[in-house]
Every structure is written in C-alpha cells, then in structure tokens.
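This report refers to the structure that appears directly beneath it.
The values are calculated or read from the model by the stated rules, or taken from the named source; none is laboratory data. Source: prediction; values computed, not measured. Quick reminder, even Gly has a Cβ in these numbers, built from the backbone with ideal geometry, and neighbours come from all protein chains shown. Surface accessibility is based on the protein's heavy atoms, side chains included, excluding ligands, DNA and RNA. Shrake-Rupley method; radii C 1.70, N 1.55, O 1.52, S 1.80 Å.
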Amino acid sequence: MERLVIIGSGPAGLTAAIYAARANLAPLVLAGYQYGGQLMLTTEVENYPGFPNGIMGPELMETFRAQADRFGATILNEDASHVDFSRRPFLVVAADREVEADAVIVATGASARWLGIPGEEGLRGRGISTCATCDGAFFKERHIVVAGGGDSAMEEALFLTRFGSKVTVIHRRDRLRASKIMADRAMANPKIDFIWNTVIEEALGEFHLQKLVLRDVPTGGRYELPVDALFIAIGHDPNTELFKGQLELDAHGYIVSSDGVHTSVPGVFVGGDVWDVRYKQAVTAAGMGCKASIEAERYLEELDAERAAGGLAAAFR
Ligand code: NAP
C-alpha cells in the first residue's frame, strides 16, 4: 500500500516526486524501462533555467532523479502495465508487483512521431530533431527542412526562420492541414518555401545530416536535396494507452483536465505533456508536476481527515 504512486519519470514525474518526497509522502515512482522521458533523446538543452552553459538532456534528467532520490522517493525502472482507478485504493500493476495507492499522478508524457525512414535513427541529434525550440539555435544561417503540414509544422517553420537562412516545409499532400491563420502566416514569410506532394524517403549523412532523398508523389521521381537540418513535426502521441477506459481522454488521446492538474477521477492527478498539447517544454512540464504534487498532498490530507473522522473514505482501506 502506497500513499502516492507517480507513473512516469520525465520532468513532470520527477518534479512531482521531489515535491512529494519533501512532503514526506515517500512516493513510489514507476519510471519505466526507458526512464527520463523525451529529454533522454535530446542532446544539449540550452533553455532550462539554471544552466547558463546548457546541459545534456540525459544529464539533466539524472539530476532530477538524484534530487528525488535524495528526499526518499523510491524510483523503479518498471513500466506500469495496468491500472484500475474504479476501485479504492487505486490499483497499479507494474512488472513484478501490484501496488495499491491512495493517490496517483499520471506523468507519462507524449512521444513525438518520427518518420521511420532509413538513416533517421542514427542522425537523431545530428541534424534530425523533433523540437525546434530545443535545437533550432544550432542551425544559424543553415538550410533547415521541416516535415509536416499541420499547425506544429507551421509553428516550427516560423520559429526556425529566426535561425535558418532558409526554411523549406516538405508536405506529403498538396494542401496544408494547418489552421488558416498559421498557414497564411507561414506562406507569407519570405524565408519559408514549400515542397508539395513530396515524401521524405531517406536521410543521408555520415556524422551529420547532409541530404534527404525525396520522392515526388505524382511522378514517383526521386531526387536528393542537400540540407543541414530536418525538424520532424508530424504530431505527438500521448502515452495514454494504459488509461483508456480509466480516465477521460480527448479525441487525440490526451488526458482531459480543465486545469491541467485534476483528472476525471478524484485522487488521480496529471502533469506534463500527457495533458499539454500546447507548450511541451521541460520547464512547463516540471511546473505541472509541482502543481500535481501539491494537489495530491492536499487530497491526501483531506482523505486522512475523513478517515480520522470515520467518514466514508475510511472504507478505502
Ligand atoms: P496534426 O494536426 O495531426 O498534423 C500532422 C501533420 O503531419 C499533417 O499535415 C500530416 O499530413 C503530417 N503527417 C503525419 N504523419 C506523417 C508521416 N508519416 N509522414 C509525413 N507527414 C505526416 O499534428 P500537429 O500539427 O502536431 O497538431 C496537433 C494538434 O495541436 C492540432 O489540433 C493542432 O491544431 C494543435 N496545435 C495548435 C497550434 C497552434 O494553434 N499554435 C500549434 C501546434 C499544434 P496530412 O495532412 O497528410 O495528414
């Protein structure tokens, strides 16, 4: 029996763990086999406050983890495989254990979609990225390509014009999915050009991205385009498979919450990119993890008070 289980170990989950541990809740963190979240897949992080010279993503997450550990959080590199939020206490099943908990914080994040083309994996962090805010500044006066035709792609392309000499949006169709205002803004920007009806088939480069192999869909013709960077902006998938039927999710699978903290089940809180479709930054996720932890603490205090008074909640045990 745990007071608080935190599922996920990116900036939101581990910040929640630091706060909960310092509130003497001794949280159990199911960090996942691939712990640390999306920052484990990035190289240098230059926009996390407190690190004026930047810090490598994985190193930053190790510092989060060490800080949670220092105050008594138990962190297990196990994936939660099943939850039951319809009963009290809540049930969370991980690899080798079934855990009951009075409160749960869900901070499982979202995963950026990748193209899944040859060369992509090896060149991640070497010219290929899914985060313009994180990596755009590395490509000053370079030719940058953005893949995608939605609002994210337009937003990334517009942002990247601050750095690149030229930004080329490559979209697989002849029309954008983006909202009109974003599309108009991108199309009006003299630094942005578009390659339509085109699929990126391969990324080439020995140490760093150098070329993309493109296929023109109508003709089937293939050709190479020399580039310095590729930002993939074809959407994110929230990691919520586990919560289907347990928590209210929106049409895209994100957890529904009116305030970014409370979910459809009292006692289950949310933080970070699993809710946040808009900002998706390490620092915003950390802030949300903090809020979720403080709300969980208050919820547990109320539960204790009800138990002490012999109220309904006493039946939870
Ligand atoms: P999205 O709207 O789903 O758009 C994804 C884009 O990527 C589409 O153009 C899609 O092409 C393309 N795509 C998907 N898979 C692909 C693949 N394998 N290869 C090549 N292209 C692929 O995703 P999003 O742009 O991340 O936006 C998600 C949500 O957040 C939307 O509701 C959006 O409005 C919102 N959002 C809003 C803002 C804002 O208002 N400032 C900013 C960002 C996001 P097709 O068009 O052919 O399907």
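Sort through Val146, Val83, Val93 and tell me the only one that's within 30 Å of Met1 (Cβ to Cβ), part of a strand (DSSP E or B) and out of contact with any His (no Cβ under 8 Å at 6 or more places or on another chain).
Val83
Kindly list the number of the only condition in (1) surrounded by 16 or more Cβ atoms within 10 Å (Cβ to Cβ); (2) under 30 Å from Ala80 (Cα atoms); (3) within 22 Å of the chain's Cα centre (by Cα) that fails for Asp237.
Unmet for Asp237, out of (1) surrounded by 16 or more Cβ atoms within 10 Å (Cβ to Cβ); (2) under 30 Å from Ala80 (Cα atoms); (3) within 22 Å of the chain's Cα centre (by Cα): (1).
Any idea which of Leu214, Leu230 is closer than 25 Å to Tyr48 by Cβ and either open to solvent by less than 50 Å² (accessible area, probe 1.4 Å) or not in a loop (DSSP other than H, G, I, E, B) (or both)? Reasoning before the result, please.
Working: Leu214 fails: closer than 25 Å to Tyr48 by Cβ.
The conditions single out Leu230.
What pairs can you find where one residue is in the range 250-262 and touching a residue at least 24 places away in the same chain (Cβ under 8 Å), the other is open to solvent by less than 60 Å² (accessible area, probe 1.4 Å) and among the aromatic types (Phe, Trp, Tyr), and their Cβ atoms are less than 8 Å apart, with a gap of 6+ or different chains?
That search, which allows pairs on different chains as well, returns Ile255/Phe243; Val261/Phe269; His262/Phe269.
Considering the range 175-207 alone, what residues qualify as being in contact (Cβ under 8 Å) with a residue 24 or more places away in the chain, open to solvent by 60 Å² or more (accessible area, probe 1.4 Å) and within 21 Å of Arg162 (Cβ to Cβ)?
Scanning the range 175-207 gives Arg185, Lys191.
Which ones in the range 112-130 are on the phi < 0 side of the Ramachandran plot and more than 12 Å from the ligand (Cβ to nearest atom)? Write out each step before concluding.
Taking the range 112-130 and keeping what is on the phi < 0 side of the Ramachandran plot, we get 112-115, 117-118, 120-124, 126, 128-130.
Those that are on the phi < 0 side of the Ramachandran plot and more than 12 Å from the ligand (Cβ to nearest atom): Pro118, Glu121, Gly122, Leu123, Arg124, Arg126, Ile128, Ser129.
Of all residues in the range 151-177, which are part of a loop (DSSP other than H, G, I, E, B) and modelled with pLDDT under 95?
If the condition is that a residue be part of a loop (DSSP other than H, G, I, E, B) and modelled with pLDDT under 95, then no residue fits.
Open to solvent by less than 20 Å² (accessible area, probe 1.4 Å), without any contact (Cβ under 8 Å) to a residue 60 or more places away in the chain and under 24 Å from Tyr254 (Cα atoms) - does that describe any residue in the range 88-111?
No.
Quick one: in the range 76-87, which of the residues that are within 18 Å of Glu248 (Cβ to Cβ) and either under 21 Å from the mean Cα position of the chain (by Cα) or among the hydrophobic types (A, V, I, L, M, F, W, C) (or both) is surrounded by the fewest Cβ atoms within 10 Å (Cβ to Cβ)?
It comes out as Phe85.
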